[in-house]
Amino acid sequence: MIAHVWSGTQNTANQYRLKLDPASGTNTSGGLRTTRYNDFANLRWLGAEHSKTQVFDSNHIGQWQCVEARVRLNDAGRSNGIFQLWINDELEASQTNLNWVGSYNSYGINSVFLENFWNNHSPVEQERYMDNFVVSTDRIGCGE
């Protein structure tokens, strides 16, 4: 499974928003479909949802944003998975009742990637800083 949190699509109403885009590496029953990292041709996409806040618009340039994502895989054979996104302690996008892995139960989440990638190259030179990256079994929150 992949729990993408990435930028919205360029030249659309969502280009300044973050997007949750969950994908499964199994069929709905749990049969393994993917065979390698980023095996996009074999992913089963579970439906994207955009944030409310436009974190990349001109009103947010130069400001730190606290972004927090939560993922919980479904129990084997049930559609009770979760994928949620908070920005500055506000729940911005939430997907529940996800069937991430069907009845597949040989592995759980075994890696987390933090990437800064632009599919068609950035139109201008830009910088993005990431700080205080935390992996936890509970929600952290942004604090003061």
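Coordinate-derived values only; no laboratory data. Model, not experiment: these values are computed from the prediction. Reconstructed Cβ throughout: ideal geometry from the backbone, glycine too, with neighbour counts over all protein chains shown.
Using modelled amide H (1.01 Å from N, peptide plane; none on Pro or chain starts), what sits under 5 Å from the amide H of GLU92, excluding residues fewer than 5 places away?
Excluding prolines and chain starts, which carry no amide H, the hits are LEU85, TRP86, ILE87.
If you take the charge dipole of the chain about its Cα centre, with +1 on Lys and Arg Cβ and -1 on Asp and Glu Cβ, which of LEU114, PHE133, SER58 is farthest toward its positive end?
Value computed over the given set: LEU114.
Rounded to the nearest 20 debye, what is the charge dipole size of the chain about its Cα centre when +1 sits on each Lys and Arg Cβ and -1 on each Asp and Glu Cβ?
640
Using a Gaussian network for the chain with springs between C-alpha atoms less than 10 Å apart, which of these wobbles most: ALA69, ALA41, ALA23?
Maximum fluctuation in the GNM of the chain, among the listed residues, is at ALA41.
Compute the length gained on full extension between TRP6 and LYS52: take 0.36 nm times their separation in residues and subtract their Cα-Cα distance, giving the result in nm to one decimal.
15.2 nm
For every other residue with a beta carbon closer than 13 angstrom to the beta carbon of SER136, add +1 if it is Lys or Arg and -1 if Asp or Glu, then tell me the sum.
Neighbour charge sum, excluding SER136 itself: +1.
What residue among ARG128, ARG78, ARG17 shows peak mean-square fluctuation when the chain is described by a Gaussian network model with Cα springs under 10 Å?
Of the options given, ARG128 has the highest mean-square fluctuation.
Mind giving me the FRET efficiency for ASP75 and GLU127? R0 is 35 Å, r the Cβ-Cβ distance, nearest 0.05 is fine.
My answer for the efficiency is 0.25.
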